[in-house]
1. Go through segment B:165-203 and count every residue that is within 20 Å of B:Arg348 (Cα to Cα) and open to solvent by 40 Å² or more (accessible area, probe 1.4 Å).
2. It is to be established whether one or more residues within segment B:112-133 are within 19 Å of B:Val352 (Cα to Cα), modelled with pLDDT of 85 or more and charged (D, E, K, R).
3. Find all pairs meeting these conditions: Cβ atoms under 7 angstrom apart; at least six residues apart or on different chains; first residue within segment A:40-52 and facing chain B (nearest Cβ under 7 Å); second residue of a type in the set (Asp, Glu).
4. State yes or no: is B:Arg276 exposed (fewer than 15 other Cβ atoms within 10 Å of the Cβ), without any contact (Cβ under 8 Å) to a residue 12 or more places away in the chain and not hydrophobic (A, V, I, L, M, F, W, C)?
5. For segment A:53-84, how many residues are open to solvent by less than 30 Å² (accessible area, probe 1.4 Å), β-branched (Val, Ile, Thr) and within 13 Å of another protein chain (Cβ to nearest Cβ)?
6. Inspect all residues belonging to segment B:206-223 and state whether any of them is closer than 15 Å to B:Cys347 by Cα and either within 14 Å of chain A (Cβ to nearest Cβ) or within 21 Å of the chain's Cα centre (by Cα) (or both).
7. Is it true that some residue in segment B:282-297 is among the acidic types (Asp, Glu), farther than 20 Å from B:Gly151 by Cβ and at pLDDT below 90?
Amino acid sequence: MSVSLCNDDGLYEGGRELKANWKVSRVTLDQVTAIELSILWYTEGKGDPELHVHHFERLEEDQIRRSGLADEQSLNCLLPATPLSYLGKLIRLRWCVRLRLFLRNGREIVTDQPFYLVAPLSSDLDRPSRIPRFQSNDR
Amino acid sequence: MARFPRPWSKKRGKRFIGTELRSLLWETAFYSGVFLTGIFVLSLVLLSSLASWGQLAPLGDLTTLPVGDVTPEELESGGLGIWIFGAVGIIAVLSGSGGLLYRLLHVGASSERRSALAKRASSIEVIVPNTEAIERMPSVPSGSALMDSPGERLTYRLAAKKKVGGEWVGPALLAFLWNSVWFVLLAVVVLGFWYAKPRYILAGLLLPFGAIGYWSFRYFLSQLRKSAGIGPTIVEISDHPLVPGRKYRVFVSQWGRLRLRRLHVRAVCEEETVYRQGTDVRVERCEVFTQELCAARDVRVDPRGPWEQQFTVDLPANVMHSFVGENNAIRWKIVVSGETRPWPSFCRNFPVVVHPPGLPMRRSPR
């Protein structure tokens, strides 16, 4: 399974559109029962994890048979303004496109394609500085 | 020429009116005395009555007084005496507790402020995202509750996170409950001696119990003194919500009567996480951004001349916005902390909300 984003650097401004292409290979149509696509954020760190799904699609067996697995498929979604990606000391907030494949034998295969949700209109910052992160120096 | 003091003439020379703090403490002590005396009188009356009423014999046993046959003549013959003492006790309890409540509710707040708070109480929004804000900025508090209070010097007056001046409530409850019980026990002992059935063990226990009551009342008065002595802290800000990459003016005013060894004003970003460890739920906080706005030494604060300063908060462009999740939060606040003499150190937090840049703002409380 592969998911590719339209921005090479993986930076997306809040409130803008995200476009992604996805493809499932080395699996036959008979083996697949469903595919779930979601755009979500989750937290990592010391606190109990949180997960919020912003966009969700589920393709059932009939839909998969109609569209097939050979071609690359696209996913479009308008991203929310917040919460922005964050790399903190106790909390890390990450965004990703998640593809989950349900197989007939009961197995599930999951792949994540991470991206960064950043604030718009921050052109005065170089691109890596657009991701808010833990400030170690006191001013 | 020496003058003889004449009480009916106009007073001359120096007069000591006293400070507001001293009057508060004396009034508190006076109303406490009235309240506890009322408890004592009421206990005497109730215990005497219980001992004489046959239908309340099980309760009368508590006093170990013979029910019915040892009722004093003055109570038996003159029921009016009991009623007068009972009424005096009830009036003393009511006037003492009423006076105490009225006086203590005035600590740290002007009448205008209390009135404004009461008016706004119904419309206060807790600092969590509301439904309208969720659509626009998910997981970011709107901060609208922080924007309905206009300031005197700058646009908004910030509200403290925890109510300032309520530190005496717990000690007050302890002191009054304990001492009320002590006076009830004192009434039992006095009646025991009165009816020639002394309770020596209980009388002996009254001494250590009285010591605890004395300590709890002194502790309550010292907490009240601290609370009234440090005085309120006022923080105002030029704009709200804050946006990274911009500058804001902050006005801080400290009231009270104290000398501060150190006074710090800081803008702080704090990460807060909630996690489960076994069956415990724990909260951990960590300051990830601190901007020192003021670090003053040897500051004098006088009731007629509060300490007032204005600062500039310069938020870096790549700091995180405020965030509230189920188990995680990123909170911004202005922290005013001081090391004081003669009171202990204090630390007061004034939450603010930081929004991500590039979004249209709603403003002006006026």
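The values are calculated or read from the model by the stated rules, or taken from the named source; none is laboratory data. Since this is a predicted model, take the numbers as computed values, not measurements. Methodologically, a virtual Cβ is constructed for each residue, glycine included, from the backbone with ideal geometry; neighbour enumeration extends over all protein chains shown. Side chains are part of the model used for accessible areas, which takes the heavy atoms of the whole protein and leaves out ligands, DNA and RNA. Shrake-Rupley method; radii C 1.70, N 1.55, O 1.52, S 1.80 Å.
1. Initial filter on segment B:165-203 (within 20 Å of B:Arg348 (Cα to Cα)): B:165-170.
Next, only the ones that are open to solvent by 40 Å² or more (accessible area, probe 1.4 Å) stay: B:167, B:169-170.
Final tally of qualifying residues: 3.
2. No, segment B:112-133 contains no residue that is within 19 Å of B:Val352 (Cα to Cα), modelled with pLDDT of 85 or more and charged (D, E, K, R).
3. A:Thr43/A:Glu50; A:Lys46/B:Glu284; A:Glu50/B:Glu326
4. Numbers: exposed (fewer than 15 other Cβ atoms within 10 Å of the Cβ): yes; without any contact (Cβ under 8 Å) to a residue 12 or more places away in the chain: yes; not hydrophobic (A, V, I, L, M, F, W, C): yes.
So B:Arg276 fits the description; yes.
5. So the count comes out to 1.
6. Kept after step one, since they are closer than 15 Å to B:Cys347 by Cα, are these residues of segment B:206-223: none.
No: segment B:206-223 contains no residue that is closer than 15 Å to B:Cys347 by Cα and either within 14 Å of chain A (Cβ to nearest Cβ) or within 21 Å of the chain's Cα centre (by Cα) (or both).
7. Initial filter on segment B:282-297 (among the acidic types (Asp, Glu)): B:284, B:287, B:292.
Still in the running and farther than 20 Å from B:Gly151 by Cβ: B:284, B:287, B:292.
Checking which are at pLDDT below 90 leaves us with none.
No, there is no match, as no residue in segment B:282-297 is among the acidic types (Asp, Glu), farther than 20 Å from B:Gly151 by Cβ and at pLDDT below 90.
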